[in-house]
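To keep things clear, I will list the structure first and then write my remarks on it.
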Amino acid sequence: MRFDRLWVNARLARFSEGVPGLDVVERGAVGAAGGRIAFAGPMDALPAGADAAERIDCAGRWVTPGLIDCHTHLVFAGDRAREFEMRLDGAGYEEIARAGGGIVSTVRATRAAGEEDLVAATLPRLDALLAEGVTTVEVKSGYGLDLETELRMLRAARALAARRPVAVATTFLGAHALPPEAAGDKDAYIDRVCRDMIPAVAAAGLADAVDAFCEGIAFSPEQTARVFQAARAAGLPVKLHADQLSNLGGARLAAEHGALSADHLECTDEDGAAAMARAGTVAVILPGAFYTLRETRRPPIEAFRRLGVRMAVATDCNPGTSPLTSLLLAMNMAATLFGLRVEECLAGATREAARALGLLAETGTLEPGKWCDLAIWDIGSPAELVYRIGFNPLHARVWRGQ
Ligand code: DI6
Ligand code: FE
């Protein structure tokens with residue numbers, strides 16, 4: 001067997017599907033061929049006569065799958081630091097949104113930005129994620145809210161993958177907020193999302209999935225269901241911002257539409273969790289928004305565990321409710337604020353995040369056949385990735401074997 005590259009003397013946390021825990025190999029090796037993993041296991045089990053164009057000694061460092069941030073709003077223009085100050089002075093998120101700030105203020109800035117401006121504004125945020133070992137990132141639209149700007153955001157998101165060694169999964173989030181020109185008519189706007197935008201985005205091949213924000217300040221379950229139907233008609237999988245600020249039954253709705261994931265879930269009840277378990281819908285835990293908004297209701301982690309709902313952890317990087325570009329910190333918050341175990345946090349930023357994106361066949365674990373995307377860490381134990389705050393122990397990031 002000949003590898004393009006072979007990493008030896010590594011401690012592997014493979015997160016193999018169907019194996020409980022981290023699936024650790026103490027004296028391990030990873031071999032890459034053609035950008036994919038050709039071997040990931042004990043050095044002793046390397047095929048006799050295995051040979052590599054390049055051999056890298058990891059000196060006992062830990063190797064995990066490259067991290068996956070499966071929920072971000074990375075592409076946007078402007079910032080919302082002023083709103084942060086208003087919130088510190090006592091204004092609420094929903095109050096600011098109703099007063100024309102919030103998402104709509106980012107929409108104004110994003111509409112005024114060209115594609116290259118959007119890419120340039122996004123690259124520093126993307127680079128912060130990559131510096132911590134992220135190799136796949138999901139990016140949503142949703143700050144355009146008109147066809148032209150939504151397409152521009154999605155093109156900018158796709159362009160990121162040409163600028164950096166990273167896989168980008170794009171999500172159309174036209175049903176994120178009501179644009180100002182819709183003059184309060186949510187049904188008419190959802191008509192446009194379903195009739196014009198989703199077919200156009202799908203025809204352009206610019207989205208890998210469709211998302212919506214089901215919430216009092218955004219769209220109702222009925223309007224969300226129409227978006228899901230249009231997505232299905234266009235052949236796109238769905239996911240949902242569900243039960244973040246109130247329980248409108250979003251988790252259940254997402255599950256009933258076979259959603260890849262339901263995200264946030266602070267207000268999800270047992271019924272919603274059970275529907276997700278039946279459908280295999282991944283729960284994406286977003287502690288950055290909970291922290292920023294100083295929410296008090298926590299997602300029903302214990303119910304997810306008991307019912308066997310898979311949990312992913314993501315940054316939700318966005319200018320309003322989660323100006324967070326650290327997936328390591330998101331894991332720390334998931335543990336400290338929500339009580340996720342170390343192993344749940346780590347699986348949540350690798351295998352379960354891949355599952356949430358429908359990409360588990362390609363990434364998320366160290367298993368032969370998958371993309372050779374690795375994070376190599378200067379740590380004594382995997383718990384350090386979750387336990388430390390504001391420290392980055394990444395030694396090297398490998399994307400597609402390089
Ligand atoms: N939920 C969120 O937390 C973000 N979007 C959403 O649907 C907030 C986005 C923003 O405030 O800009
Ligand atoms: Fe979000």
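Worth pointing out:
- Taking Arg152, Arg306, Arg111 and counting other C-beta atoms within 10 Å, the order from fewest to most: Arg306, Arg111, Arg152
- Two-site label geometry, Ala182 and Leu307: point separation in nm, points 7 Å out along Cα→Cβ: 2.8 nm
- Rounded to 10°, Cα long-axis angle of helix 270-279 versus longest principal axis of the chain: 60 degrees
- Distance between the C-alpha centres of segment 346-402 and segment 159-200: 29 Å, rounded to the whole angstrom.
- Packing rank of 199-205, 189-195, 323-329, 138-144, where each peptide gets the mean count of other beta carbons within 10 Å, highest leading: 138-144, 323-329, 189-195, 199-205
- For the pair Phe84 and Ala225, a Förster radius of 25 Å applied to the C-beta separation gives a FRET efficiency near 0.15, rounded to the nearest 0.05.
- Relative contact order (%) - the chain, alpha-carbon pairs under 8 angstrom, separation at least six: 19 percent
- Here the chain is assigned +1 on the Cβ of each Lys and Arg and -1 on the Cβ of each Asp and Glu. Its dipole about the Cα centre then comes out at about 680 debye.
- Given R0 = 56 Å, the distance between the Cβ atoms of Asp269 and Met1 translates into a calculated FRET efficiency of 0.60.
- When only Cα pairs below 8 angstrom with a gap of at least 6 residues are kept, segment 102-236 shows a relative contact order of 23 percent.
- Part-to-part distance (alpha-carbon centres) for segment 271-316 and segment 210-248, which is given in Å: 17 Å
- Contour excess over end-to-end distance, with Cα ends at Asp57 and Ala233 and 0.36 nm allotted per residue: 58.3 nm
- Length released on extending from Ala361 to Asp117, taking residue separation times 0.36 nm less the Cα-Cα span: 84.5 nm
- Think of segment 133-222 as having a plus end and a minus end, set by charges on the Cβ of Lys, Arg, Asp and Glu; of Thr170, Pro199, Ala188, Thr170 sits farthest toward the positive end of this dipole.
- Total formal charge among the other residues, if their Cβ is under 13 angstrom from that of Phe290, Lys/Arg +1 and Asp/Glu -1: -2
- Sequence-distant residues sharing a close amide H with Gly174 (under 5 Å, placed H): Asp211
- Charge tally for Val309 (other residues, Cβ to Cβ under 12 Å; Lys, Arg +1; Asp, Glu -1): +1.
- Neighbours of Arg5, meaning other residues whose beta-carbon lies under 10 angstrom from its beta-carbon, give a summed charge of -1 when Lys and Arg score +1 and Asp and Glu score -1.
- Exposure proxy ranking, count of Cβ atoms within 10 Å, fewest first, for His176, His257, His395: His395, His257, His176
- Net dipole in debye of segment 112-252 [+1 Lys, Arg Cβ; -1 Asp, Glu Cβ; about Cα centre; nearest 20]: 400 debye
- The chain: antiparallel DSSP beta bridges as a percent of all, rounded to 5: 40 percent
Every number here is computed from the coordinates shown, using simple stated rules; none is lab data. Here the structure is a predicted model, which means the values were calculated and not measured. Here the Cβ is made from the backbone with ideal geometry for all residues, glycine too, and neighbour counts use every protein chain on show.
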